[in-house]
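Chemist: One structure follows; several queries about it will come next.
The values are calculated or read from the model by the stated rules, or taken from the named source; none is laboratory data. Keep in mind that this is a model prediction, so the values were computed, not measured. All Cβ positions, even for glycine, are placed from backbone atoms using ideal geometry, and neighbour counts span all protein chains on display.
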Amino acid sequence: MHRLRTCAARLRPLTASQAAQTVGQQRPITVASTGGSRTFQPIRCYTAPVASEPFLNGTSSNYVEEMYYAWLEDPKSVHKSWDVFFRNANAGAPPGAAYQSPLGLASAPQLSSLVGAQPNVEKLVEDHLAVQSLIRAYQIRGHHVAQLDPLGIMDADLDSCVPTDIITSSDKLGFYGLDESDLDKVFRLPTTTFIGGSESALPLKEIIRRLEMAYCQHIGVEFMFINDLEQCQWIRQKFETPGVMQFTLEEKRTLLARMVRSTRFEEFLQKKWSAEKRFGLEGCESLIPALKTIIDKSSENGVENVIMGMPHRGRLNVLANVIRKELEQIFCQFDSKLEAADEGSGDVKYHLGMYHRRINRVTDRNITLSLMANPSHLEAVDPVVQGKTKAEQFYCGDNDGNRVMSVLLHGDAAFAGQGIVYETFHLSDLPSYTTHGTVHVVVNNQIGFTTDPRVARSSPYPTDVARVVNAPIFHVNADDPEAVIYVCKVAAEWRATFHKDVVVDLVCYRRMGHNEMDEPMFTQPLMYKQIKKQKPVLQKYAEKLIAEGAVSRQEYEEEIAKYDKICEEAHARSKDEKILHIKHWLDSPWPGFFTLDGQPKSMSCPSTGLTEESLNHIGQVASSVPVEDFTIHGGLSRILKGRAEMVRNRTVDWALGEYMAFGSLLKEGTHIRLSGQDVERGTFSHRHHVLHDQNVDKRICIPMNHIAPDQAPYTVCNSSLSEYGCLGFELGFAMASPNALVLWEAQFGDFHNTAQCIIDQFICPGQAKWVRQNGIVLLLPHGMEGMGPEHSSARPERFLQMCNDDPDVMPALTDDFAVRQLYDCNWIVVNCASPGNYFHVLRRQILLPFRKPLIVFTPKSLLRHPEARSSFDEMLPGTHFQRLIPEGGSAAQRPEEVKRLIFCTGKVYYELTKERKNRGMEDIVAIARVEQLSPFPFDQVKAESERFHNADLVWCQEEHKNQGYYDYVKPRIRTTIQRAKPVWYAGRGPAAAPATGNKNTHLMELRRFLDNAFGLDAFKDQE
C-alpha cells in the first residue's frame, strides 16, 4: 500500500531540459528514478475517471505509474486533473497534497494553494490495493478452506484454522480496512486475475463470490509459490475464468459410463471373491475416469505412449478399465487351483504389470499403455517408470516429450513418507534424466494403513514435496467427478504446455480397510462410522445427472446391466484358464529379440574378441581430442599420451580396456548409457570420457562419439547424489530395449546399499517375479586399501547370498554348460583382476542371446597397478571371457609337485603373487583366479583341482571371514571335488565392520593372512 502513496515522493523530477526533450516524442524514453533508470514505450492518452466516481477509483498502482511516465513524455497525453497532480508532485508536494478535484479546473493551481489539502485519495487508493491483496490471498491460501474431504470430517491440510485474510464473514473485511458499506462499491480488477471474464471492474461482493467459486469449492489450487509469472497466469486463467468448468452432455454421459465401469468392477470382485485380497478402489472410484481423461487429453496433444507406475490399491481396476487387459486374465488370477507355468515364481496379482497397444476411442489415435510391475515397496517404481520413459523418448527421437509421457500414481502416506519420491522429483529437470513432465496422481485416502496423517507427516499436505520443483498442485474432492475431470484436463494441458511435473491430489477415503480382510474400526472408528453412512459417488453423480435431465434412470440402469454382463461373460471364460502364464503380464516386451528367423536363439555366445585394426583405431580415439581448437588440461594431456603409448605397446589398463569394449559396441550399433556420480571423469580420475575446454565454459568433447560415422550414440552423464533414484532410473532405461548397454556406477561400491530396495525388489528377482529380463550392469568399486570401513567393501556377500544356484548340486557339464548356466541364473557376479577380462565381460553382456543383470566389483588401486595390464593378444578374435584364469606360471610346469592351490578373486591376486615371489614358492604354490563367482565355474574349478591333485585347497580373500566370498565358494568347491579334501581359509577374521580405520592394523591383518596363505603348516591345527 505504501508504494503508491509515496509514488510522487520516490520518483526523481526531470530537469527542465529533460522534460523539454520528452514532449511530443514518439520513441522510447529512458527516465531516471530512485530505483535506477527505466525505458518506456510511448503510451496512449489517458482520460480522467468518470466524474461521478471518486477520484482514482479503479486505478491500480501500475495504472498510475503508466500515466506518470506517459505524462513525462507528453503532459497532454493525460487528463488535465492528472497533469495538475503530477506537476504538483514533481514540484515537491508531499503525498496527499498534490491532488485537486477535476471539477472546475480552469487552470493549473499553484502549489501553495494545495499544500495542506487532505482529500480522501489515500483511502481510495488503499481500498483498491486492499482488494488486490484480497484477491492475492485467495490465490495463495484459498485451498486451505476448499471443501476437499468427501466425508466432511477431515482437513486435507491438517489445520482447521481459517486463514485470517480469507473472507468468511463481513467481520473479516476489517482485516483489509474495508467494511460492509464497501461490498457494493465497484473496484477495478488487476491484471493478475481473470475472475472478471470480459469485465474489468466488479462490485466487491461479486469479487469475493467469484474468488470463492474459483478457489474454495471442491478444488484447491496451490501454485503461487511458482516463480514464473507466465505459468501463474496460465493457471489463474484455467481456474478463475467464469464458467470455465462446463461440460457438454456427451462428456457427462461418458463420465457416468466410466464411473459405472470403475464402481461395478469392484462390486463384481467383492461379490465373487469376498474373502480375497484385491486392494480395491472403493472410495476413490473417480480415479479411473481421472486417468482416462489424462490419457485422452494427452493423446489429443500428440502423445502416443503412456508409461504408468502405481501402488497396489486400485491396480486391478486400472488394468481392467484403463489399460484394458482382458477381464478373464484378471479373473482367473483368483482361482486357487490355477497352476503356475514354469516361467518363474510369479507374484501376487496386484503387483503385476501390463503392456497394451490400442485405439483411443476419444481421439481415434493409436496409443500404447504400459503399467509397470511394482512390489509392495510403494514408491520404488517411480524412478523405474521415469527411466523407461526416458529410454522410449530417446529411441523414438522424442527430444521434448511430445510423444512419450509418464503418469505416476501415489498413496498419500507413501508420497509424503518415502524419500524416493523426493529423489525422483529432483531428477525431473536434469538434462540426462528429464522426461519433460510427469502427471502425478495422489490417491489421498487420508490414512496410511492404520496410521492417521497427523502422525504420519509433518507437512500440511502429503503433496508438499512437489513444491521443491515448482510443480503446481491441484487438490480435488474425489466425490465430485466433474471437478476431478476438470483438474485432470488442466494437468494434462499443463504438461503439454510447459513440460513440467504437475500433481493431482484426489482427496478421497478408503471404504474397506487396508485390504478387504482388514478391520479399520480398530484404529479409525469415527472415520469409518462416517464412511458407512457415505453414499457411493456413482450413486450421487447418477442422481445429479438424472435431476439435470442429462440421462434417464433407465439409461443409467442399462449401462450398469451392460457392464455387469461383460464381467459375467469374462468370468465364465476365465474358468477355461488352467495355467497361469506370467508372460501375459509383461510390461516391457522385447518383440523379436529372443528369436532368429522365427526360431529360438541357440544357447551360444560368439567370440568377444576384436581385430587388431579395431583395437588400434579405438585406442587412437581414446588417446586424442577429435575436435579442433579444443584446449584440455595439462594433466589430461599426459594421460592421453600414456594411452597412446599403451596402444603402441599393444597393452591396455583398466580404463583403456573399458574404452575398447564401449567403443567396439558403439561401432557395432549398440547404444551405451553410463551414469552415476562422477562417471564422466571417474571417481578415481581414470576414465575421462568427457573432456572440458579449459578456456570456454561448458564446451565439452566426448571422443567416444567420434569413433565411426554410423555408430550408435554414447550417453555418459554424472547423476544427482542419489543412488536409490538413479539406479531405479537406469533399471527402467534398460527395460525399454535389450539392444543397449546400460551401466550404473556407484561412486564407491558400498553406496549401493542406499539403493538396496531396487536391487532386492527389481534386479535380483525381477525375472522370477515378472518374467522380465534385464541387462543392467552395476559397477561397484571394491577393495581393502587401508582407507577405513567406508568405501572399502561393495558387500559381495550380499549379492552372492541372493544367487539362485545350488551349492550342493554339481550340474551336468554339457557342451553349452557355460552359457546354459548364465541363462538359468538370476544374475551374474564377477570380480575381474584383468582389464582384458573386463573388456570381454562387457562385450559378452550384449552378445549373449538373452539378458541378465551383471554385477561387477571393480578395482581402485588396480586402476594404475603396473601389473594390472592386458595384452592385445588376450582381446583378439577367438578370445572369450575367462570365468576362471588358471595358474600359468612355473607351478603349471610340474603340477604334481605343487603343494598348495590357492583360489582367489580380484585385487588380492596381485598381493598373493608378490608374496609368493618374495618367498620363492612359485614352483610349489599355484594361484587360480575365479573371475566369475556366480554362476560358479564348477567345470573349471574341477579341472584346476584335478590338475594339482596333490595340493591342499585354500580360498584366500582380503575381506573378513563373515564377509566376502568364502561362505559362497566353500560349499561349491567341496561339491566340485566331491568333498575329497577340506577347503582351507586364508583371510581376515570375522568382524562387524568391513575394514579397519587404522593403517597399521590394516597392514598387520594383511601380513597375517598372507602368512596363513603361504605357511605350509598353517592349517594342520584345523584338521
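Chemist: Output the number of the condition that Val484 fails; it satisfies all remaining conditions of (1) touching a strand residue (DSSP E or B) at 6+ places or on another chain (Cβ under 6 Å); (2) surrounded by fewer than 19 Cβ atoms within 10 Å (Cβ to Cβ).
Modeler: Tallying (1) touching a strand residue (DSSP E or B) at 6+ places or on another chain (Cβ under 6 Å); (2) surrounded by fewer than 19 Cβ atoms within 10 Å (Cβ to Cβ), Val484 fails exactly one: (2).
Here is a yes/no grid of residues against (1) outside any helix (DSSP H, G or I); (2) touching a residue at least 12 places away in the same chain (Cβ under 8 Å); (3) in contact with a His (Cβ under 6 Å, 6 or more places away or on another chain):
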{"site": "Ser198", "(1), (2), (3)": "yes, no, no"}
{"site": "Leu202", "(1), (2), (3)": "yes, yes, no"}
{"site": "Glu206", "(1), (2), (3)": "no, no, no"}
{"site": "Arg210", "(1), (2), (3)": "no, yes, no"}
{"site": "Phe225", "(1), (2), (3)": "yes, yes, no"}
{"site": "Gln231", "(1), (2), (3)": "no, yes, no"}
{"site": "Lys238", "(1), (2), (3)": "no, yes, no"}
{"site": "Phe247", "(1), (2), (3)": "yes, yes, no"}
{"site": "Glu250", "(1), (2), (3)": "no, no, no"}
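Chemist: Please list, ordered by residue number, the helices (runs of 4 or more DSSP H) wholly in segment 405-517 having 1 or more residues that are in contact with a Lys or Arg (Cβ under 8 Å, 6 or more places away or on another chain).
Modeler: Hits in segment 405-517: 412-417, 481-498.
Chemist: Would you mind stating whether Arg851 is basic (Lys, Arg) and more than 24 Å from Leu674 (Cβ to Cβ)?
Modeler: So Arg851 fails the test.
Chemist: When you check Ser298 against the structure, is it among the small types (Gly, Ala, Ser), assigned to a helix (DSSP H, G or I) and under 17 Å from Asn360 (Cβ atoms), yes or no?
Modeler: Yes, satisfied.
Chemist: Only one residue in Thr651, Thr715 is surrounded by fewer than 21 Cβ atoms within 10 Å (Cβ to Cβ), assigned by TED's automatic domain parsing to the domain that holds Gln845 and within 22 Å of Ser834 (Cα to Cα). Which one?
Modeler: Selected residue: Thr651, the only one of Thr651, Thr715 that is surrounded by fewer than 21 Cβ atoms within 10 Å (Cβ to Cβ), assigned by TED's automatic domain parsing to the domain that holds Gln845 and within 22 Å of Ser834 (Cα to Cα).
Chemist: Pairs needed: first member in segment 142-170, free of Cβ contacts under 8 Å to residues at least 40 places away in the same chain; second member anywhere, of a type in the set (Lys, Arg) and not in a loop (DSSP other than H, G, I, E, B); C-beta distance under 6 Å; at least 6 residues apart or different chains.
Modeler: So the pair list comes out as Pro163/Arg141.
This table checks each residue for (1) of a type in the set (D, E, K, R); (2) part of a helix (DSSP H, G or I); (3) under 22 Å from Glu730 (Cα atoms); (4) in contact with a strand residue (DSSP E or B) (Cβ under 6 Å, 6 or more places away or on another chain).
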residue	(1), (2), (3), (4)
Ser604	no, no, no, no
Gln620	no, yes, no, no
Ile639	no, yes, no, no
Glu645	yes, yes, no, no
Gly669	no, no, yes, no
Arg673	yes, no, yes, yes
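Chemist: Let me ask something additional. Looking for whichever is at pLDDT 95 or above, on the phi > 0 side of the Ramachandran plot and charged (D, E, K, R) here; the options are Arg650, Arg673. Which one fits?
Modeler: One residue alone meets the criteria, Arg650.
Chemist: When the residues of segment 852-878 are filtered to those that are assigned to a loop (DSSP other than H, G, I, E, B) and out of contact with any Asp or Glu (no Cβ under 8 Å at 6 or more places or on another chain), which remaining residue is nearest to Tyr965 (Cα to Cα)?
Modeler: For segment 852-878, the residue satisfying everything is Pro859.
Chemist: A follow-up question, please. Of the residues Thr913, Thr905, which is crowded, with 24+ Cβ neighbours inside 10 Å and among the polar types (S, T, N, Q)?
Modeler: Thr905
Chemist: Also, quick follow-up: Could you figure out which of (1) buried (at least 21 other Cβ atoms within 10 Å of the Cβ); (2) within 30 Å of Lys999 (Cβ to Cβ) isn't true of Asn837?
Modeler: Here Asn837 clears every test but (2).
Chemist: Given the criterion modelled with pLDDT of 95 or more and either surrounded by fewer than 18 Cβ atoms within 10 Å (Cβ to Cβ) or over 31 Å from the mean Cα position of the chain (by Cα) (or both), identify the matching residue among Glu668, Glu628.
Modeler: Glu668
Each row is one residue, and each column tells you yes or no for (1) in contact with a Pro (Cβ under 8 Å, 6 or more places away or on another chain); (2) at pLDDT 90 or above; (3) not assigned by TED's automatic domain parsing to the domain that holds Pro203.
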{"residue": "Gln132", "(1), (2), (3)": "yes, yes, no"}
{"residue": "Arg136", "(1), (2), (3)": "no, yes, no"}
{"residue": "Gln139", "(1), (2), (3)": "no, yes, no"}
{"residue": "His143", "(1), (2), (3)": "no, yes, no"}
{"residue": "Ala146", "(1), (2), (3)": "no, yes, no"}
{"residue": "Asp149", "(1), (2), (3)": "no, yes, no"}
{"residue": "Ile153", "(1), (2), (3)": "no, yes, no"}
{"residue": "Asp165", "(1), (2), (3)": "no, yes, no"}
{"residue": "Ser170", "(1), (2), (3)": "no, no, no"}
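Chemist: I've got another one for you. Could you please find all residues in segment 521-555 being in contact with a Pro (Cβ under 8 Å, 6 or more places away or on another chain) and not aliphatic (A, V, I, L, M)?
Modeler: Listed by number, the residues that qualify are Tyr528, Gln534, Tyr541.
Chemist: With Thr368, Thr389 as the choices, which residue is in a strand (DSSP E or B), among the β-branched types (Val, Ile, Thr) and closer than 30 Å to Thr254 by Cβ?
Modeler: Just one listed residue meets the conditions, Thr368.
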